[in-house]
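Chemist: A single structure is presented below for examination.
The values are calculated or read from the model by the stated rules, or taken from the named source; none is laboratory data. The shown structure was predicted, so the numbers you read here are calculated from the model rather than taken from an experiment. All Cβ positions, glycine included, derive from the backbone under ideal geometry; neighbour counts span all protein chains shown.
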Amino acid sequence: MVLYVVPDPAPVGPAPLMIVLDYLDGNPTFMANFIYAGAHAASGMVMAFPAHQGSSWANGLAGTGNPQVDIDFLTDVIADATTNMPVDPTKVSMTGYSEGGFMADLFGCTKPNLLVGFGMVAAAQLKTTACETIMPLKMVIFAGTKDTQVAYGGFGNLQPETTTLSQWETTDGCSGAEVDTTLPTLVNDGTTVIQHQIPGCNAILYHRVHHPARHHFAEHRRHPGAVGLFPGELNTGAASRPLKPGGARTRPIRGLRPGCTRSRRSACLQQSGWSCGRSGRAVHRWPSPAPR
């Protein structure tokens, strides 16, 4: 199942596609509200929110299943979007939050030819992820020193964020010294954001220092300079907010996983723990909630 959010009115020509992967026990509708998907779509971007099976993505972590299954599923999502949506196949990006970030990284390492870039938010590259691609990609990491679930310096099977940045600097053919730039502080909440980047390089690490929110999605309203490709909104109450800010509207949910019959639609679309197969398609309309 995939939730699409598209510009309204529809773009004149093919639009960029951003695929957003949710977190452990997440679901597409909450994630779309969580990052204010309508506002981003209104800027001319098509947003796609695929649903994982069970509680998480098969992202390489122990117990999450065979990663190839979700790699194939996300490949199908891209094929579906570029066939059925006003999407430019040369402008497909992917991002993920927490365990969704692990999956975005795995997909970027495995299928770099399908993406122009990818990002990880409150996530890290797994030490078991073989990332030996020689294809350059835009790569952005948002990470914080106070994240106790995905430690900035790495632990267990998670490698340090700086190691991942260094790997992608090499892949992207970047040379020279990294420049650490402290971004302007727009809200005096004790947070500092440092941008780590070799000038002109497509690999960037945004490092949040002393952020009180710990394991959370990056706040684009506080640090708009750190938005990059992957804007988001940190607000645990975002589930109650509409999908429609900025004049965007939702489009059909195209079920790449069958079993989501009309009688099961609510369970399929609103819960994260549902289980469906992987072939076939069901199309449902998702009405935009009225603005509050």
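Chemist: Considering only region 92-103, state which residues are β-branched (Val, Ile, Thr) and buried (at least 24 other Cβ atoms within 10 Å of the Cβ).
Modeler: Listed by number, the list holds a single entry, Thr95.
Chemist: Could we say that Phe73 is on the phi < 0 side of the Ramachandran plot, touching a residue at least 60 places away in the same chain (Cβ under 8 Å) and surrounded by fewer than 23 Cβ atoms within 10 Å (Cβ to Cβ) here?
Modeler: Taking the combined requirement at face value, the residue satisfies it.
Chemist: Residue by residue through region 111-131, note down the ones that are without any contact (Cβ under 8 Å) to a residue 24 or more places away in the chain, more than 21 Å from Gly153 (Cα to Cα) and part of a loop (DSSP other than H, G, I, E, B).
Modeler: Hit for region 111-131 is Leu115, nothing else.
Chemist: Let me ask another. Consider Leu106 carefully, then state whether it is surrounded by fewer than 23 Cβ atoms within 10 Å (Cβ to Cβ), of a type in the set (A, V, I, L, M, F, W, C), within 15 Å of Trp168 (Cα to Cα) and in contact with a Gly (Cβ under 8 Å, 6 or more places away or on another chain).
Modeler: no
Chemist: Which of the residues belonging to region 67-121 are farther than 21 Å from Gly13 by Cβ, out of contact with any helix residue (DSSP H, G or I) (no Cβ under 9 Å at 6 or more places or on another chain) and of a type in the set (Val, Ile, Thr)?
Modeler: Val69, Val77
Chemist: Somewhere in region 30-43, is a residue in contact with a Leu (Cβ under 9 Å, 6 or more places away or on another chain), of a type outside the set (Ser, Thr, Tyr) and part of a strand (DSSP E or B)?
Modeler: no
Chemist: State yes or no: is Pro7 touching an Asp or Glu at 6+ places or on another chain (Cβ under 9 Å) and touching a residue at least 40 places away in the same chain (Cβ under 8 Å)?
Modeler: Answer is no for this residue.
For every residue, the table says whether it meets (1) more than 21 Å from Asp76 (Cβ to Cβ); (2) modelled with pLDDT under 95; (3) touching a Ser or Thr at 6+ places or on another chain (Cβ under 7 Å); (4) assigned to a loop (DSSP other than H, G, I, E, B).
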residue	(1), (2), (3), (4)
Cys109	no, yes, yes, no
Thr133	no, yes, yes, yes
Phe142	yes, yes, no, no
Asp147	yes, yes, no, yes
Gly153	yes, yes, no, yes
Gln167	yes, yes, no, no
Thr170	yes, yes, no, no
